[in-house]
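Worksheet for the structure shown next.
The values are calculated or read from the model by the stated rules, or taken from the named source; none is laboratory data. Just so it is clear, the structure is predicted and the values come from calculations on it, not from any experiment. For neighbour counting, all protein chains shown are included, and Cβ atoms are generated from backbone atoms with ideal geometry for every residue, glycine included. Quick note on the areas: whole protein, heavy atoms, side chains included, nothing else; ligands and nucleic acids left out. Shrake-Rupley method; radii C 1.70, N 1.55, O 1.52, S 1.80 Å.
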Amino acid sequence: MDKQTGNKPLDVAIAGAGIAGAALGVALSQTLGSGFSVVVFDPALGREPARDDRVVAIAGGARRLFEAIGVWERIKDVQPIRAMEITDSKLHDAVRQTFLEFSEDEDGEPFAHMVENRALIVALREAMEEAEVGLAAAGIESYSADESFAHFGVGGKEYRARLLAAADGAQSRLRTLANIKTISRGYDQSGIVATIGHAREHGGKAVQHFLPSGSFAILPLTGKRSSIVWTEETAEAKRIVALPPEEFLAELELRFGLQLGELEVLSSARAYPLQISIARSFTAERLALVGDAAHVIHPLAGQGLNMGLRDVAALAECIADNARLGLDPGAPEVLSRYQRWRRTDTVAMGLATDGLNRLFSNESTALKYLRDLGLGIVDRAPMLKNFFAREAAGLTGDVPKLLRGEFI
Ligand SMILES: Cc1cc2nc3c(=O)[nH]c(=O)nc-3n(C[C@H](O)[C@H](O)[C@H](O)COP(=O)(O)OP(=O)(O)OC[C@H]3O[C@@H](n4cnc5c(N)ncnc54)[C@H](O)[C@@H]3O)c2cc1C
């Protein structure tokens, strides 16, 4: 353990040093200073950040949060998305007609930034050290709570905290220990992720082809590289990732197209099973769920982590508002404010991505006509496009201060 927790109760304990848990640790430590004890527990802290070919599209709100907590400038290899093109076609169509195009707004603010997961974790670990967040390379094994504290066990020892934040991922052990159920459905789809090299520059353009089997996203990375998130039925995805390299490349070219020239697969291809899962409650006594522990959604809109970072910003603000007045950071009113703030927004985004996936993963000609009509209308209406862009950036509704780039 890098920082002894001793027997003194902690103000906030965080389970999970993934992107959500680490960002929460930095935000709280920076805002509330050394008099406020924050310790992040995660067995992964004892290892180098894992090699991970996944990338995330960081929307405007999440970027402002990272800027406000001094993480943004530490992230290596950030690629702005300056334009986005959406097409709707069949796999073997010779031409993919474009139905919707977004470009950076008049202020030159990119639509989003592509960041490699590993680079984000490296930057967050540096920021946690600098902000003197307590770090413990061990997992939380048990949880119970009374009126005053969350009690939790780590490596056979018992600890107490005013608030326990569970940022322990989609399979959250703490969510189970707190007996919080989820509303979940597997999609029988998997997202194949790989890094692709290409002969020509991408110019910062992201492309999303809606194909009958699901969405196929091409996301620009630094250099002549892009990341793909390629949705297929799970059995088909397993078959595709097991193909010999030349056959994989042929399947890839069929979807990617040759507009960026010759392609080269730069990483192994991995298939991630996709699901929607939303916790029935985001809180229990002295406990708050954050990030994937609270919700997992379809990645087609690139919103999963962005929603997790909205949780971080909202929870940090709820805690800080109480702690600054010398009040209990895990009091019931802190938790109920957090729950009200985040759960409705999450359900709305979950249903929207679920609806989009159903609408587009479909061969019906009538549905194709309707969705193309819808996309065409949005494309020709600047106000609507602007609304969708702001919604995706997390800048609509009651936006937490950190997402506006303000200090809490
Ligand atoms: C194919 C794909 C593409 C995606 N693309 C995007 C995108 O473009 N944009 C976007 O916003 N989102 C995207 N997402 C979603 C995004 O990857 C996740 O939402 C995000 O990584 C979740 O972060 P997290 O910190 O909540 O959880 P995790 O990254 O799962 O971290 C959980 C941490 O908790 C630790 N842990 C587990 N159990 C315990 C315990 N008992 N005690 C202590 N620690 C514990 C683990 O070791 C881990 O470090 C995508 C997802 C997929 C599958």
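Mind listing just one residue for me: the one in segment 56-85 that is more than 16 Å from the ligand (Cβ to nearest atom) and touching a Ser or Thr at 6+ places or on another chain (Cβ under 7 Å) and, of those, farthest from residue 30 (Cα to Cα)? Show your work before the answer.
Let us first name the residues in segment 56-85 that are more than 16 Å from the ligand (Cβ to nearest atom), namely 67-68, 70, 73-74, 76, 82-83, 85.
Of the ones still in play, those that are also touching a Ser or Thr at 6+ places or on another chain (Cβ under 7 Å) are 82-83, 85.
Details: 82: 32, 83: 34, 85: 39 Å.
If we take residues in segment 56-85 being more than 16 Å from the ligand (Cβ to nearest atom) and touching a Ser or Thr at 6+ places or on another chain (Cβ under 7 Å), then 85 is farthest from residue 30 (Cα to Cα).
Condition first: aliphatic (A, V, I, L, M) and open to solvent by 30 Å² or more (accessible area, probe 1.4 Å). Now tell me which residues in segment 51-78 satisfy that.
Within segment 51-78, the first condition is being aliphatic (A, V, I, L, M), and the residues that meet it are 55-59, 62, 65, 68-69, 71, 75, 78.
Across segment 51-78, the qualifying residue is only 78.
Tell me yes or no: at least one residue of segment 169-190 is under 30 Å from residue 256 (Cα atoms), open to solvent by 80 Å² or more (accessible area, probe 1.4 Å) and either within 10 Å of the ligand (Cβ to nearest atom) or modelled with pLDDT under 95 (or both).
yes
Strands (runs of 3 or more DSSP E) wholly in segment 122-211 with at least 1 residues that are of a type in the set (A, V, I, L, M, F, W, C) and over 28 Å from residue 249 (Cα atoms) - which ones?
The strands (runs of 3 or more DSSP E) meeting that bar are 134-136, 142-145, 150-154, 157-166, 182-198.
With respect to the numbered conditions (1) open to solvent by 10 Å² or more (accessible area, probe 1.4 Å); (2) over 30 Å from residue 223 (Cα atoms), which one is the sole condition not fulfilled by residue 24?
Status for residue 24: all satisfied but (1).
For segment 79-99, which positions are open to solvent by less than 40 Å² (accessible area, probe 1.4 Å), of a type outside the set (Ser, Thr, Tyr) and either assigned to a loop (DSSP other than H, G, I, E, B) or modelled with pLDDT of 70 or more (or both)?
79, 80, 81, 83, 84, 85, 86, 88
Name the strands (runs of 3 or more DSSP E) wholly inside segment 233-310 in which the number of residues that are touching a Cys at 6+ places or on another chain (Cβ under 9 Å) is 1 or more.
Passing ranges, in order: 287-289.
Enumerate the pairs (first residue in segment 165-183 and within 16 Å of residue 141 (Cβ to Cβ); second residue anywhere and near the ligand (Cβ under 9 Å from one of its atoms) and open to solvent by 100 Å² or more (accessible area, probe 1.4 Å)) with beta-carbon separation below 9 Å, excluding pairs fewer than 6 apart on the same chain, so at least 6 apart or on different chains.
166/173
Filter segment 212-238 down to the residues that are in contact (Cβ under 8 Å) with a residue 60 or more places away in the chain, more than 13 Å from residue 257 (Cα to Cα) and crowded, with 20+ Cβ neighbours inside 10 Å and list them by number.
214, 215, 219, 220, 221, 227, 229, 231
Out of all the residues in segment 19-37, is one or more part of a loop (DSSP other than H, G, I, E, B), within 14 Å of the ligand (Cβ to nearest atom), farther than 30 Å from residue 211 by Cα and in contact (Cβ under 8 Å) with a residue 24 or more places away in the chain?
No, there is no match, as no residue in segment 19-37 is part of a loop (DSSP other than H, G, I, E, B), within 14 Å of the ligand (Cβ to nearest atom), farther than 30 Å from residue 211 by Cα and in contact (Cβ under 8 Å) with a residue 24 or more places away in the chain.
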